[in-house]
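S.K.: Mind looking over this structure? Questions follow.
The values are calculated or read from the model by the stated rules, or taken from the named source; none is laboratory data. Just so it is clear, the model here is predicted, and its values are computed rather than measured. We place every Cβ from the backbone using ideal geometry, glycine too, and count neighbours over all the protein chains shown.
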Amino acid sequence: MGNVDKPGRMKRMIHRLSADTDSLVAEELRENCAELGATAIADCTNRSYVRIAGSIRTVTLRPRGGVPALEAELYDGSGIVELVWLGRRRIAGVEPGRQLVARGRLTQFEGRQTVFNPLYELLPG
């Protein structure tokens, strides 16, 4: 009977460990943003000019209106912003796991916070 409970207990323990790791990563990203003088994504308002920093989670090539568009999901520990470069198929260094600082006008597009054609600076790492 003790063996039946072990898998459930193990799953809960693994879940707790991964949740703690996610919390630590989010906290570290928020601290990095503050050090870089960036605004936390959660504090950004629609239609404002923002300076945000974080880690790229995903990069996707998706056509918009017949034009190629490179999309990158930027996460800073407080929220997510979609960065979209219109007319680009690839940008060297813009890849998952890379950290960057981006500047531009924040807008709501298809229900998501988005910055089109942001200025950006790749951070060493």
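For (1) polar (S, T, N, Q); (2) more than 13 Å from PHE109 (Cβ to Cβ); (3) exposed (fewer than 12 other Cβ atoms within 10 Å of the Cβ), each residue gets a yes or a no:
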| site | (1), (2), (3) |
| --- | --- |
| ASN46 | yes, no, yes |
| TYR49 | no, yes, yes |
| GLY54 | no, yes, no |
| ARG62 | no, no, yes |
| GLY65 | no, no, yes |
| GLU71 | no, no, no |
| GLY79 | no, yes, no |
| ARG88 | no, yes, no |
| ILE91 | no, yes, no |
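Residues are listed down the side, and each one gets a yes or a no for (1) aliphatic (A, V, I, L, M); (2) touching a strand residue (DSSP E or B) at 6+ places or on another chain (Cβ under 6 Å):
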| site | (1), (2) |
| --- | --- |
| LEU86 | yes, yes |
| ARG90 | no, no |
| GLY97 | no, no |
| ALA102 | yes, yes |
| ARG112 | no, yes |
| GLU121 | no, yes |
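S.K.: Just for strands (runs of 3 or more DSSP E) wholly inside segment 36-125: which have at least 3 residues that are of a type outside the set (Val, Ile, Thr) and touching a residue at least 40 places away in the same chain (Cβ under 8 Å)?
M.R.: Counting at least 3 such residues, we get 49-61, 99-109.
S.K.: Separate question: Going residue by residue through segment 16-24, is there one that turns out to be in a helix (DSSP H, G or I), under 24 Å from ALA102 (Cβ atoms), modelled with pLDDT of 60 or more and not polar (S, T, N, Q)?
M.R.: Scanning segment 16-24, I find at least one residue that is in a helix (DSSP H, G or I), under 24 Å from ALA102 (Cβ atoms), modelled with pLDDT of 60 or more and not polar (S, T, N, Q), so the answer is yes.
S.K.: Let me ask another. What is the residue count in segment 48-87 for residues that are among the β-branched types (Val, Ile, Thr) and more than 23 Å from LEU29 (Cα to Cα)?
M.R.: Selection size over segment 48-87: 1.
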